[in-house]
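Everything below concerns the one structure shown next.
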Amino acid sequence: MEVSFELTLQIVMAVLTGISAQVIAEFFKVPSIVFLLLFGIILGADGLNLLHPHELGVGLEVLVALSVAIILFEGGLNLELRDLGRVSGSLRNLVTFGTLITLVGGGMAAHWLAEFPWSIAFLYAALVVVTGPTVIGPLLKQVEVERKVATLLESEGVLIDPVGAILAVVVLDTILNSNASPTEIFSGLLLRFIIGAIIGGMSGALLGFILKNTSFLSEELRNLVVLAGVWGLFGLAQLTLSESGLMATVVAGIVLRASSIPDERLLRRFKGQLTVLCVSVLFVLLAADLSIDSIFALGWGSVLAVLALMWGVRPISVALCTINSDLNWREKFFLGWIAPRGIVSASVASLFAILLTQKGINGGDSIKALVFLTIMMTVFIQGLSARWVAKGLKITAVETKGAVIVGCNALGRLMGLLFKQRGESVVLIDTDPEACEKAQTQGLSVFQSSALDPDVLEEAGIESMGTFMALTSNGQVNLVLAQRAVEEFKPPRVFAIFPSNSPEETNPNKTSKTKISPAFVDQQLIKTWNQYLIEGQYKLGITHFQESGLSFKQAHFQTLIRAGEVLPLLVQRNGSLQVVQATQDWQAGDEVTYLLHDPRPELLKRLSGGSKTSKELSAEQLSEVEEVPLAEPVEESGSDSVTQPIKN
């Protein structure tokens with residue numbers, strides 16, 4: 001009974017520590033593995049001596065195996081085939097040719113610098129070819145780089161994990177069975193890939209069929225069916241051929257994602273939560289089981305070996321694997337800089353250390369220590385510096401320019417012209433032929449189709465655009481369009497016009513979580529402004545918010561907005577062009593482009609017997625808009641020229 005209580009206490013302590021580390025990492029906006037490793041070492045034998053993973057015995061191996069299966073399945077489930085197509089060449093090269101470069105380069109570094117025997121050096125290199133989705137995922141959530149770069153890093157981390165694990169098993173088998181021929185080694189590697197792919201593909205398709213044809217299952221039970229299926233296919237693959245289960249789980253996740261199952265988002269959320277729990281517990285346990293003395297015993301040569309892997313082997317691998325890609329040098333530099341190792345390297349290294357010791361082969365503890373040193377250095381150096389490197393290279397999602405605008409109404413066309421005037425790419429989408437024709441006559445790129453079709457959004461180039469805007473006359477449709485864009489393509493900035501009584505408008509927290517920002521003002525007022533634009537009852541102006549008199553100008557501006565006399569459109573802040581939100585706050589240094597309601601041109605035309613015509617701006621006329629000190633009185637002028645800015 002006492003032993004049972006001790007084991008229970010160990011698991012409880014690991015869970016509490018792991019989740020606490022996740023919470024602290026979320027608060028400080030750093031990769032969670034930093035605190036997981038730190039807390040694990042502090043609680044381990046070389047720290048407070050409270051956590052003793054070795055007491056779990058074989059249970060630790062079982063826990064590691066099942067947790068890694070969930071982690072890799074969740075990684076495959078998050079892979080989008082549409083995104084993979086955009087980086088397929090570079091991704092294929094990184095997973096195949098890049099793995100070979102890392103194996104050879106890492107082995108030479110470990111032998112020449114860390115002074116490991118060749119066999120142990122190449123076993124270490126096989127363990128660290130993986131980059132680890134458990135580290136890359138949280139890291140990219142904090143950094144938010146361009147979608148193309150993020151997709152390549154995420155996909156590499158997921159796909160290379162089983163490749164590295166299988167490769168490490170083959171190298172270990174070669175060490176334990178030194179008489180094996182090269183043909184036997186290669187056939188064992190290929191056979192594991194084939195068996196894993198077949199079992200994973202069939203199991204993923206079967207799970208997809210079950211989820212789509214069993215409507216009687218509740219949401220909770222559906223998620224548990226998938227969990228049971230993942231562990232079942234993992235066990236079947238492992239029973240068929242050892243270490244083929246990792247490949248099977250990844251392939252099953254990819255196939256299930258491609259099956260378009262109902263409530264897929266809920267399943268991914270459930271598996272994501274399980275992954276966070278598994279990663280938290282495993283990292284804490286494995287770090288607590290680490291001997292700090294064994295790391296110090298490695299010497300400076302091992303530190304140089306890891307640095308060579310980070311700053312020599314990885315950049316060379318990325319440069320050669322992306323030589324024919326459309327990636328620019330900034331993106332390649334970031335890919336070469338970021339390659340943190342994660343849970344698969346740590347778990348497999350821990351298991352191999354035990355196996356080598358049991359077989360009487362020296363080097364098991366040294367390999368484990370060097371792998372953990374690699375994890376620590378890559379995570380702390382690359383992970384903590386990723387945000388500053390991305391900002392310095394200007395490849396963050398915030399830096400991404402261009403816009404996809406759904407709605408070729410008057411306001412949508414005006415926003416398109418404003419973006420185009422500032423040198424940004426812009427594409428409009430609408431189903432109305434007449435509205436599309438008007439946009440084309442103004443020199444705008446237009447797709448006459450439904451924005452609900454992801455293929456249309458992809459063809460419009462949404463992956464490379466920084467802003468998505470839904471500006472149709474139907475607020476509920478706008479919300480659906482924006483939500484689909486967030487789920488399918490994750491644009492950096494998503495805006496929509498929707499009614500003030502919608503949950504997204506009344507609950508700002510909900511809006512922020514879904515990354516959909518309310519644009520401009522309420523939907524009803526937008527209809528009015530569209531009418532103003534059609535009838536020419538407006539003027540376009542620009543104003544600056546200076547430090548002096550800022551509070552007065554803010555109050556004056558907000559009063560005009562609430563009165564429906566002014567509609568702010570764009571704000572230039574800190575060198576970045578942003579769409580104005582419905583709850584926008586104004587700061588010193590802001591440059592705001594806005595519309596002012598001006599009924600006089602239409603009134604004068606009617607008094608003079610003129611006909612009612614549209615007076616929308618052209619792209620050339622936009623260049624005539626000048627700076628306007630809006631806080632000062634507007635001059636009474638009888639001019640009906642819509643290109644004339646507001647005068648003081």
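The values are calculated or read from the model by the stated rules, or taken from the named source; none is laboratory data. Computed from a predicted model, the values in this text were never measured in an experiment. When we count neighbours, we look across all protein chains shown, and the Cβ atoms used for this are built from the backbone with ideal geometry, even at glycine.
Things worth noting here:
- Pick from the stretch 417-441, criterion within 29 Å of the chain's Cα centre (by Cα) and within 20 Å of LEU452 (Cα to Cα), ranking: surrounded by the fewest Cβ atoms within 10 Å (Cβ to Cβ): VAL427
- In the stretch 273-305, of all residues being within 23 Å of ALA114 (Cα to Cα) and among the aromatic types (Phe, Trp, Tyr), the one that is surrounded by the fewest Cβ atoms within 10 Å (Cβ to Cβ) corresponds to TRP300.
- Filter result for LEU393 (closer than 30 Å to LEU298 by Cβ and of a type in the set (A, V, I, L, M)): no
- Residue-level analysis places GLN531 outside the set of residues that are at pLDDT 85 or above and within 30 Å of LEU140 (Cβ to Cβ).
- Cβ-Cβ distances below 7 Å connect the following pairs, each with a first residue in the stretch 171-184 that is over 11 Å from LYS359 (Cβ atoms), a second residue that is assigned to a helix (DSSP H, G or I), and a separation of six or more residues or different chains: VAL171/PHE122; VAL171/LEU123; VAL171/ALA126; ASP173/GLY188; THR174/ILE185; ALA180/ASP173; ALA180/THR174.
- Just one of (1) at pLDDT 85 or above; (2) in a loop (DSSP other than H, G, I, E, B); (3) farther than 27 Å from GLU424 by Cα; (4) not acidic (Asp, Glu) fails for TRP586. It is (3).
- The set of residues in the stretch 549-581 being surrounded by fewer than 19 Cβ atoms within 10 Å (Cβ to Cβ) and part of a loop (DSSP other than H, G, I, E, B) consists of GLY549, ALA563, GLY564, GLU565, ASN574, GLY575.
- Those residues of the stretch 433-448 which are farther than 14 Å from GLY416 by Cα and touching a helix residue (DSSP H, G or I) at 6+ places or on another chain (Cβ under 9 Å), in sequence order: GLN448
- Any hit, the stretch 227-247, residues being without any contact (Cβ under 8 Å) to a residue 12 or more places away in the chain, farther than 24 Å from VAL163 by Cβ and out of contact with any strand residue (DSSP E or B) (no Cβ under 7 Å at 6 or more places or on another chain): yes
- In summary, ILE136 fulfils each of the numbered conditions (1) crowded, with 23+ Cβ neighbours inside 10 Å; (2) not in a helix (DSSP H, G or I) with the single exception of condition (2).
- Here ASN574 meets each of (1) on the phi > 0 side of the Ramachandran plot; (2) at pLDDT 85 or above with one exception, condition (2).
- Test for GLY232: is it over 30 Å from ALA125 (Cα atoms) and out of contact with any Asp or Glu (no Cβ under 9 Å at 6 or more places or on another chain): yes
- Residue identified as at pLDDT 60 or above and farther than 21 Å from THR396 by Cα among ALA485, ALA496: ALA496
- ALA228 falls short on exactly one of the conditions (1) within 23 Å of the chain's Cα centre (by Cα); (2) surrounded by fewer than 20 Cβ atoms within 10 Å (Cβ to Cβ), and that condition is (1).
- Residue match in the stretch 44-58 (condition: outside any loop (DSSP other than H, G, I, E, B), under 31 Å from the mean Cα position of the chain (by Cα) and either on the phi > 0 side of the Ramachandran plot or in contact (Cβ under 8 Å) with a residue 24 or more places away in the chain (or both)): no
- Matching entry among THR183, THR134 (being among the β-branched types (Val, Ile, Thr) and modelled with pLDDT under 80): THR134
- Counting the residues of the stretch 16-39 that are out of contact with any Ser or Thr (no Cβ under 7 Å at 6 or more places or on another chain) and of a type outside the set (D, E, K, R) gives 15.
- Count - residues of the stretch 25-41 that are free of Cβ contacts under 8 Å to residues at least 60 places away in the same chain, surrounded by fewer than 16 Cβ atoms within 10 Å (Cβ to Cβ) and closer than 23 Å to ARG341 by Cβ: 2
- Tally of residues being farther than 25 Å from GLY57 by Cα, in contact (Cβ under 8 Å) with a residue 60 or more places away in the chain and in a helix (DSSP H, G or I) across the stretch 321-358: 6
- Residue satisfying condition, being out of contact with any Ser or Thr (no Cβ under 7 Å at 6 or more places or on another chain), touching a residue at least 60 places away in the same chain (Cβ under 8 Å) and of a type in the set (Val, Ile, Thr), within set ILE136, ILE70, ILE101: ILE136
- The residues listed here are GLN531, GLN537; of these, the one that is closer than 19 Å to ASN409 by Cα, surrounded by 13 or more Cβ atoms within 10 Å (Cβ to Cβ), of a type outside the set (Gly, Ala, Ser) and more than 37 Å from the chain's Cα centre (by Cα) is GLN537.
- Test result for GLU61, among the acidic types (Asp, Glu), touching a Lys or Arg at 6+ places or on another chain (Cβ under 6 Å) and part of a helix (DSSP H, G or I): no
Residue-by-condition table, conditions (1) among the hydrophobic types (A, V, I, L, M, F, W, C); (2) surrounded by fewer than 22 Cβ atoms within 10 Å (Cβ to Cβ); (3) under 30 Å from PRO491 (Cα atoms):
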{"position": "GLU61", "(1), (2), (3)": "no, yes, no"}
{"position": "GLY89", "(1), (2), (3)": "no, yes, yes"}
{"position": "VAL95", "(1), (2), (3)": "yes, yes, yes"}
{"position": "LEU100", "(1), (2), (3)": "yes, yes, no"}
{"position": "GLY106", "(1), (2), (3)": "no, no, no"}
{"position": "ALA109", "(1), (2), (3)": "yes, no, no"}
{"position": "PHE116", "(1), (2), (3)": "yes, no, no"}
{"position": "LYS148", "(1), (2), (3)": "no, yes, yes"}
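- Within the stretch 359-449, strands (runs of 3 or more DSSP E) holding 1 or more residues that are touching a Phe, Trp or Tyr at 6+ places or on another chain (Cβ under 7 Å) and in contact (Cβ under 8 Å) with a residue 12 or more places away in the chain: 403-406, 426-430
Quick grid of which residues meet (1) basic (Lys, Arg); (2) touching a strand residue (DSSP E or B) at 6+ places or on another chain (Cβ under 7 Å):
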site: PHE333; (1), (2): no, no
site: ARG341; (1), (2): yes, no
site: GLY360; (1), (2): no, no
site: ILE367; (1), (2): no, no
site: ARG387; (1), (2): yes, no
site: VAL406; (1), (2): no, yes
site: ALA410; (1), (2): no, no
site: GLU424; (1), (2): no, yes
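- Number of positions in the stretch 93-107 that are of a type in the set (S, T, N, Q) and closer than 17 Å to PRO340 by Cα: 2
- Condition check for GLN546: over 19 Å from LYS401 (Cβ atoms), in contact (Cβ under 8 Å) with a residue 12 or more places away in the chain and part of a loop (DSSP other than H, G, I, E, B): yes
- Pick from the stretch 309-344, criterion polar (S, T, N, Q) and farther than 22 Å from ALA114 by Cα, ranking: farthest from the chain's Cα centre (by Cα): ASN324
- Matching entry among ILE316, ILE292 (being farther than 17 Å from LEU373 by Cα and assigned by TED's automatic domain parsing to the domain that holds PRO133): ILE316
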